[in-house]
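Here's the structure, in structure tokens; my notes come after.
What follows is calculated from the coordinates using simple rules that are stated; it is not laboratory data. Because the structure is predicted, anything quoted here is derived from the model rather than measured. Virtual Cβ from ideal backbone geometry, glycine too; neighbours counted across all protein chains shown.
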Amino acid sequence: MSLTEERTATAAPQKSAPSRVGLRAIGVVLPLLLLGVWQLLATAGVYSPAQLPPPAEVASAFGDLVARGELWHHIAISTQRVLIGFAAGAALGLALGGLVGLSRTANAALSPTVQAIRAVPSLAWVPLLLLWLGVGETPKIVLVAIGAFFPVYTTVSAALSHVDPHLTEVGRAYGRSGLPLVATILFPAATPAILSGLRLGLAQGWLFLVAAELIASSMGLGFLLIDSQNTGRTDVMLLAIVLLAALGKLTDTFLGFAETRLQTARR
Amino acid sequence: MREPAGLEFSGVGRAFAVAGRHRQVLTGIDLTVAPGEVIALLGPSGCGKSTLLRLAAGLDAPSAGTVSVDGRPVRGIEPRCAVVFQEPRLLPWRTLFRNVAYGLPRGVTGEPARQEVEHWLRVVGLDAFAQHRPRQLSGGMAQRAALARALARRPGVLLLDEPFAALDALTRLRMQDLLAEVQREAGTTVLLVTHDADEALHLADRIVLLGSGSDAGSGPGSGSGSDDPEAGSVVRLVLPIPGARPRDRGDTTLAELRASLLSELGVNVHGRIQA
Ligand SMILES: Nc1ncnc2c1ncn2[C@@H]1O[C@H](COP(=O)(O)OP(=O)(O)OP(=O)(O)O)[C@@H](O)[C@H]1O
Ligand SMILES: [Mg+2]
């Protein structure tokens with residue numbers, strides 16, 4: 001976001017540079033193009049309607065599910081799982097990443113273990129979580145939290161341990177140590193990196209949500225996906241994918257908005 | 001403003017262990033700076049000027065001897081000292097106003113804090129830029145803000161580590177005048193590390209020359225020659241500067257001092273046309 005802004009800023013004096021709104025509009029071109037290609041492929045007989053239903057059919061599936069009142073339910077439960085899981089995982093990632101980034105002892109003690117746990121592929125957790133936590137909401141939320149935790153943990157610990165030592169020295173020279181040093185120097189210096197870590201964590205939260213819902217669920221967009229496969233409803237399957245993309249983008253936009261606000265406030 | 005403080009180094013030594021090897025940087029530094037005095041610290045690169053300054057600030061601890069401010073030994077960060085580094089080191093996420101406020105002593109808040117910050121911003125001529133960010137400033141402006149931040153700490157001793165070295169010649173002269181003015185107003189004790197003999201002659205009451213001790217006083221060109229890496233730097237020379245500050249930059253008696261100072265620093269001045 002800031003990149004595009006800078007580009008417009010530098011390009012402005014030359015020729016007729018595209019405006020900010022214009023640049024935003026360019027981002028819509030590719031999705032429209034993809035939609036066109038989809039329509040073309042679906043109607044040209046390259047794929048059968050069972051393999052690739054045209055966009056209109058997906059839209060009508062959307063209408064059906066909305067009319068039956070099911071869709072909101074799926075969307076709501078998935079979003080809820082992601083938000084709760086992300087909040088928990090991000091909070092833990094911030095806390096543990098902060099500890100590891102700020103304290104060399106904590107880093108030496110915790111880092112190897114966390115790295116090892118991180119290496120476990122997401123799906124490997126599912127059987128264990130089901131065994132321990134049953135089939136309710138908890139295992140799904142925990143899996144999302146695991147997914148959100150690692151990007152946040154990694155970026156926060158790296159950002160805090162790489163703060164410009166010159167600035168840390170200013171903090172010390174002006175009498176800050178301990179918590180005041182963290183609050184006035186280390187944390188503000190690491191904030192941009194921390195925010196992008198949060199965005200990564202959120203994206204990975206959605207990833208892990210689908211993993212959880214595909215395997216053990218009776219609700220949510222991941223369930224809709226696997227259910228549509230079982231019932232041969234490709235239109236619903238595509239709908240679920242489109243919705244996942246839209247929701248992921250939407251939640252990321254909120255965080256991205258916070259990021260831009262912060263950057264402009266600092267400029 | 002807090003009262004100017006005296007600064008004393010007695011038998012100060014500092015050694016570092018670099019890659020397992022012992023490296024003595026400073027040895028037996030004895031120096032007493034009177035309250036309100038301006039000392040310029042000169043010496044070849046790497047002789048330990050910054051190290052000595054950091055010892056006074058409490059950013060580092062001596063391996064031998066003691067540093068004291070007004071008779072009390074420095075332990076940890078010294079609240080009566082304020083440092084200006086070679087780079088402005090402003091916090092990029094804070095406005096200029098809040099950067100200067102960062103220097104305020106603990107306990108100064110609310111309206112008095114606001115007035116104090118505005119006062120120092122005015123002194124360094126940046127009152128119109130209070131709401132600007134550091135990246136919107138020129139190098140000279142940023143360094144002035146850093147000076148204001150240090151002054152907001154109401155230091156008894158102002159420690160300046162080559163504060164003007166990165167500035168262009170004209171800005172540097174302006175900053176020197178500003179420092180002289182601020183010092184006169186506040187009466188602060190100043191320890192100024194510099195590479196610039198003219199700057200030292202213009203601003204200081206005394207010039208202290210650091211360097212290797214083994215070949216002290218053996219003539220021009222010897223300063224950078226037979227350094228004994230094991231020995232560490234000592235105070236080679238303390239040179240009182242005649243006349244009241246601020247001095248005329250074109251003063252002829254200073255020209256002689258300048259020549260002898262440069263030869264002490266290992267610069268051959270005899271072959272050059274002197275201004
Ligand atoms: N933390 C440290 N660890 C190891 N060696 C150090 C440390 N700080 C300084 N030194 C060494 O001490 C010596 C003196 O450093 P210092 O920065 O005080 O020199 P200086 O006189 O300020 O030089 P310059 O004029 O180039 O700034 C250098 O050789 C440096 O390598
Ligand atoms: Mg130095």
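Just a few scattered comments:
- Ranked list, fewest to most other Cβ atoms within 10 Å of each Cβ, for A:Phe62, B:Phe164: A:Phe62, B:Phe164
- Convex hull of alpha carbon positions in the protein assembly as shown: directionally averaged projected area 35.7 nm².
- Two-site label geometry, B:Thr109 and A:Leu23: point separation in nm, points 7 Å out along Cα→Cβ: 4.1
- Along the stretch B:36-52 the Karplus relation, 6.51 cos²θ - 1.76 cosθ + 1.60 evaluated at θ = phi - 60°, assigns HN-Hα couplings of x, 7, 10, 10, 9, 9, 10, x, x, 4, x, 7, x, 5, 4, 4, 5 Hz to successive residues, with x for each Gly and Pro.
- Expressed as a whole percent, the proportion of Cα-Cα pairs in the stretch A:96-238 lying more than 20 Å apart is 59%.
- Shielding by partners - mean other protein chain Cβ count within 10 Å, residues of B:83-91: 3
- Charge tally around B:Leu42: other residues with Cβ under 12 Å, Lys/Arg +1 each, Asp/Glu -1 each, net -1.
- Selection from A:Thr234, A:Thr260, A:Ala246, by position along the positive dipole direction of chain A (Cβ): A:Thr260
- With all pairs of separate Cα atoms included, the stretch A:54-163 yields a Kirkwood hydrodynamic radius of 16.1 Å.
- With Cα atoms, 0 to 90° folded angle of helix B:110-123 axis to chain B main axis: 50
- Taking amide H atoms as placed 1.01 Å from N in the peptide plane, the amide H of B:Arg23 lies under 5 Å from those of B:Phe16, B:Ala17, B:Val18, each 5 or more residues away in sequence or on another chain.
- Within-9-Å neighbourhood charge of A:Ala212 [Cβ basis; K, R +1; D, E -1]: +1
- Residue order, fewest to most surrounding Cβ atoms within 10 angstrom, among A:Ile194, A:Ile117: A:Ile117, A:Ile194
- Working note: Karplus 6.51/-1.76/1.60 with θ = phi - 60° gives the stretch A:25-42 the couplings 4, 4, x, 7, 4, 4, x, 5, 4, 4, 4, x, 4, 4, 4, 4, 5, 5 Hz, where Gly and Pro are set to x.
- Residues whose amide H comes within less than 5 Å of that of B:Val74, counting only those at least five positions distant or on another chain, are B:Val67, B:Ser68, B:Val69 (H built at 1.01 Å from N in the peptide plane).
- Kirkwood-Stokes translational diffusion coefficient of the stretch B:80-178, alpha-carbon pairs, 4 °C, 1.567 mPa s, µm²/s: 98
- Counting neighbouring Cβ atoms within 10 Å and putting the fewest first, the residues A:Lys140, A:Lys249, B:Lys49 line up as A:Lys249, B:Lys49, A:Lys140.
- Amide proton proximity set for B:Val38, modelled H, under 5 Å, gap of 5+: B:Val190, B:Asp205, B:Arg206
- Within the shell of other residues whose beta carbon sits under 11 angstrom from the beta carbon of B:Gln143, the net charge comes to +3, with Lys and Arg scored +1 and Asp and Glu -1.
- For the stretch A:43-85 and the stretch A:158-185, distance of Cα centres in Å: 50
- Overall, the stretch A:106-244 carries a charge dipole of about 260 debye about its Cα centre when +1 sits on the Cβ of Lys and Arg and -1 on the Cβ of Asp and Glu, all other atoms neutral.
- Note on B:Thr252 and A:Phe254: the model spin-label points, each 7 Å out from Cα along the C-beta direction, lie 8.0 nm apart.
- Within a Gaussian network of chain A (alpha carbon springs, distance under 10 Å), most fluctuating of A:Leu247, A:Leu202, A:Leu41: A:Leu41
- Overall dimensions of the stretch B:21-115 by Cα: Rg and Dmax, Å: 16.3, 52
- Here the Debye sum runs over all C-alpha atoms of chain A as equal scatterers in vacuum, and log10 of I(q)/I(0) at q = 0.08, 0.09, 0.13, 0.14 Å⁻¹ comes out as -0.46, -0.57, -1.01, -1.09.
- Debye intensity ratio I(q)/I(0), log10, the stretch A:168-267, q values 0.10, 0.13, 0.17, 0.18 Å⁻¹ (C-alpha model): -0.47, -0.64, -0.82, -0.87
- Within the protein assembly as shown: Cβ-based charge dipole about Cα centre, in debye rounded to nearest 20 (Lys, Arg +1; Asp, Glu -1): 680
- 3J(HN,Hα) along the stretch A:203-218: 4, 5, x, 4, 4, 6, 4, 4, 4, 5, 6, 5, 8, 9, 6, 10 Hz, from the Karplus curve 6.51 cos²θ - 1.76 cosθ + 1.60 with θ = phi - 60°, whole Hz, x for Gly and Pro.
- For chain A, the longest principal axis of the C-alpha atoms and the axis of helix A:221-231 are separated by about 30°.
- Binned Cα-Cα distance frequencies in chain B - 10 Å width, integer %: 7, 28, 34, 22, 8, 1
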